[in-house]
Amino acid sequence: MKQYAMVLGYATDTLAAAALQVLPPEPAYLNWHGETLPAAFVFAPVPEQPFSERLLDLLASLQQQLDGTLNNQTVYLILPEYTEPDSSTLNTLLQQLMRRFPGLLQSDSCRVFSHGSAGVLMALNAAQQHISIQGNGPVWLVAADSMAQTSVLDAYAKGERRGVPSEGAIALCLAGCQSGVTLQFSATDAQPATTAKSAMAALFLQLAAKLKTPLKQLYFPDSGDLQVTEQWLEQYQHLHGVVDSETWLMFPSYATGELGACGGLYRLWHVVQAYEQGRITGQAAQCELSAQLFRAVAVFAFAEAGLDDKDV
C-alpha cells in the first residue's frame, strides 16, 4: 500500500479517519422528519439532491486531498450496486463524473465495479492480476457511497435499519513488491438478498476448504444492522476449524458508521494497516455483503522478502 486518502462522515481528513479505530468518534445526530437519528455525514443531507451529485461531491473532497494524483492513473472505481443490465443511472453517473473530473478515468486500464462493498474484493483480485501482468502498478482502488438518501434515512427513522448511517470516499494505492500483504484466495457470489444465507454458506465452505490453519483475524461488514448480522452469523458454523479462541472478529464499521461500498475499502485498508504495523502475523479474512446481490470473501497473508508472492 503506497498511499491512501479518506473522507468520512466521522472524519473529513485522512489523519482523523486513520485514527478512528483508536480514538472512537464523538456521537453525532441528525434531525430527520422529527426523529433524532445517530448519523455522521460529510455534508448535511439534502432531501431533493440527486444521489449521483452527492457521490461526486464526496469524490471532489477526496480529490482535494490528493491534488490531482489520480489523474491519468489506473483507477478501479467501486460504487454502490447498480444491478440492472446497461443501467442508465450508472451510465449517467459516469458521464457526470468524467465531465467533472476529466482526468480521473482516462487510462484505458480503468474499470468500474458497481457491486457495493463486495466490489472491493472483486477490484482487489483484478488489481492483483493487473499488477502481475503489467508490472508493479500502481493501481488505485477508489470507492464512494452515501447513506444520505431519503429512502435509506426513512428506514433508519422507522427502526427498519439500525446503526449509524454515514458516507465517505476512499482512495488506496496498491503496487507490487517483494514483501508485503498478499491476496491468497478470493471468491464471489451473486445471489438475490432472499437467498443470501445459502450464498454465504457456500462462500464460508469454500473459505474453510482453502485454509489449513485458523485465521488470526476475520473482518465482517457489520455496523449494527441485524439483517446484516443474521446473514453471516447463521452461517458462521461453516467456519468450524478455521476459527478458534485466538481468532479476533473485527467490525471496523462500528467506529466509522455505515459506509456502504466505501466501508469495504475501509476494511481492506484496516487489514493492510494491521499487517504493516505487525498486529497480524498469520492469515486474515475479509467478508463483504452488499445490500442487494453480491457477496465476497478474501484471505490475506504477509510475504517476506525473497518469496515469489507480490503484495497487492
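The values are calculated or read from the model by the stated rules, or taken from the named source; none is laboratory data. The structure displayed is predicted, hence computed values, not measured ones. Cβ coordinates were reconstructed from backbone atoms using ideal geometry, including for glycine residues, and neighbour counts include every protein chain displayed. Calculation scope for accessible area: heavy atoms of the full protein, side chains included, ligands and nucleic acids excluded. Shrake-Rupley method; radii C 1.70, N 1.55, O 1.52, S 1.80 Å.
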Q) Can you list, bin by bin at 10 Å, the percent of alpha carbon pairs in the stretch 221-275, starting at 0? A) 20, 47, 32, 1
Q. Under a 5 Å amide H to amide H cut-off, with H placed in plane at 1.01 Å, what residues pair with Thr74 once short-range neighbours are removed?
A. Trp140
**Q.** Exposed-site-free run, longest, the chain (rule: GluC sites (Glu not before Pro); DSSP loop; at most 13 other C-beta within 10 Å)
**A.** 49-159
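Helix-only estimate, please: 222 nm mean residue ellipticity of the chain, summing -39500 (n - 2.57) across DSSP H runs of length 4 or more and dividing by its residues, to the nearest 500.
-10000 deg cm²/dmol
I'd like the carbon and sulfur percentage of the solvent accessible area for the stretch 71-227, probe radius 1.4 Å, heavy atoms only, ligands and nucleic acids excluded.
Numbers: 2960 of 6430 Å².
Using a 1.4 Å probe with all protein chains present, the stretch 71-227 comes out at 46 percent carbon and sulfur.
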(Q) As I understand it, the dipole of the chain uses +1 on the Cβ of Lys and Arg and -1 on the Cβ of Asp and Glu, about the Cα centre. Which of Gln217, Trp32, Leu20 lies farthest toward its positive end? (A) Gln217
**Q.** Kirkwood Rh in Å, taken over all unlike Cα pairs in the stretch 1-123
**A.** 16.3 Å
Q: Over all directions, average the projected area of the Cα convex hull of the chain and note it in nm².
A: 15.5 nm²
(Q) Regarding the stretch 103-232, what's the average projected area of the Cα-atom convex hull, expressed in nm²? (A) 10.4 nm²
Q.
Using a 10 angstrom Cβ neighbour count of at most 11 plus a DSSP loop assignment to flag exposed trypsin sites (Lys or Arg not before Pro), which longest range of the chain is free of such sites?
A. 1-157
Q: Can you tell me the alpha carbon radius of gyration of the stretch 157-272 divided by the globular rule-of-thumb value 2.2 N^0.38 Å?
A: 1.15
Q) Hey, what does the equivalent ellipsoid look like for the stretch 95-138, semi-axes from the Cα gyration tensor as sqrt of 5 times each eigenvalue, largest first, whole Å? A) 21, 16, 6
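Can you tell me the accessible area per residue over the chain, all protein chains present, probe 1.4 angstrom, in square angstrom?
On the way: 13550 Å² over 312 residues.
Ligands and nucleic acids excluded, the figure is 43 Å² per residue.
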